[in-house]
Amino acid sequence: MFVTELDFEIYCDTSMAAVEKAINYCLDCLRYNGQVIGRELPVVMKGTNFVARVICPEEDSLHPDNHSPQVNLAFKQLSDFGLLQPKVKVVGQDMNSDPSDESDKVSWQILYTSHLHTCSPIRHGETFQPIPLYRLPPVANGDQKQFIKWQEDWSACDQLQMNGSVVEHPSLHEISSSKSHLFKRGWDLCRRMAVVSGIPTYLYIYRVAGESKEKELARKCPVCDGEWALEEPIHEVFDFKCDECRLVSNLSWDFKD
């Protein structure tokens, strides 16, 4: 990923409230389209300029060709608030971020995240690298907001169950059960993405606990009750894969070697 600056310049009389509203709206639209990653988006005032420093999946993430209708509208409205179109400057590659997938073709992909990841929640099935969301067709309303909101909810539940101090069990249920609301939302998004993109899209189900490694290996697909254990794990993470239901899961982390 790349650290990038957007420099918004005031060109006429306006107010701080108007500037704040316009810039934050632009950043929100960029985030919901997958062009900007994360929710910590600092904006620094430098005289008549306001500089936002953001993380982008690729060097050209902010190119107009990648804009959603919402982003185009947000940028078009800047002049109404006394701001010029932002100047974009790529500062450099972020050392601590996951590199985006650069494959020309995607045979299958996985909806996967955790409390440690802020990158795109859709990963290439073969490389396991995140695919920028703006490269994929929108599933609703012209952008990928529904995927971003699902990712935020999943990450929050994962953080709560990892902390183990409050609402641990309800949070674990949401990310590990095929009966949970979060599972149903994710599974529906995967099926919709598969239709609009033509790419089989699998949903990850988290797994922890269990009675023994043997019983874990004998687990069946939680939806169709079919065999889904793999002879070899995929990316050292996924030990189960159901092509019928398009689900992947791990051997319980309690029994992982």
Exercise for review: Output the residue which, of all residues in segment 1-40 that are of a type in the set (Lys, Arg) and assigned to a helix (DSSP H, G or I), is farthest from Glu59 (Cα to Cα).
Suggested key: Lys21
**Study point:** Residue among Pro137, Pro130 that is in the same structural domain as Pro200 (by the TED database), modelled with pLDDT of 95 or more, in contact with a helix residue (DSSP H, G or I) (Cβ under 8 Å, 6 or more places away or on another chain) and open to solvent by less than 50 Å² (accessible area, probe 1.4 Å)
**Key:** Pro137
Practice item. Quickly run through segment 108-124 and pick out the residues that are modelled with pLDDT of 95 or more and either small (Gly, Ala, Ser) or farther than 30 Å from Leu172 by Cβ (or both). Key: Ser120
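The values are calculated or read from the model by the stated rules, or taken from the named source; none is laboratory data. Predicted, not measured: the structure shown is a model, and the values here were computed from it. For neighbour counting, all protein chains shown are included, and Cβ atoms are generated from backbone atoms with ideal geometry for every residue, glycine included. Accessible surface areas use protein heavy atoms only, side chains included; no ligands, DNA or RNA. Shrake-Rupley method; radii C 1.70, N 1.55, O 1.52, S 1.80 Å.
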